[in-house]
Amino acid sequence: MVRAIKARLAELESRRLTLEADLAARAEPALRLHPNLAVLYRQRIADLAQNVARQSR
């Protein structure tokens, strides 16, 4: 029984090392931005500026 546990532990350790190597080899995917992100950002900033101007009156 001890041999079986040691054998299984060795298998799992090997699998762990393989998975870690696979993860390390992967490149991070490029960040994809929405095509209209600049337009949306500009609109939200304009809305924010209007709200701040209204509250300061």
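Principal-axis analysis of the Cα atoms of the chain puts helix 2-25 at an angle of about 30° to the longest axis. Multiplying the residue separation of Leu40 and Glu11 by 0.36 nm and subtracting their alpha-carbon distance yields 5.3 nm.
Spin-label pair Ala30-Ala49: with each label point 7 Å from Cα along the Cα-Cβ axis, the two points sit 3.2 nm from one another. The Rg/Rh ratio of the chain, with Rg taken over Cα atoms and Rh as the Kirkwood radius over Cα pairs, comes to 1.62. Charges were assigned to the Cβ only: +1 to each Lys and Arg, -1 to each Asp and Glu. The resulting dipole of segment 2-55 about its Cα centre is roughly 140 debye. Between 0 and 90 degrees, the angle of helix 37-55 with respect to the longest Cα principal axis of the chain falls at about 50 degrees.
Laboratory data are not the source of any read-out in this text; all were calculated from the coordinates shown. None of the values given here were measured: they were computed from a predicted structure. Because the Cβ atoms are built from the backbone with ideal geometry, glycine has one as well, and the counts that use them run over all protein chains shown.
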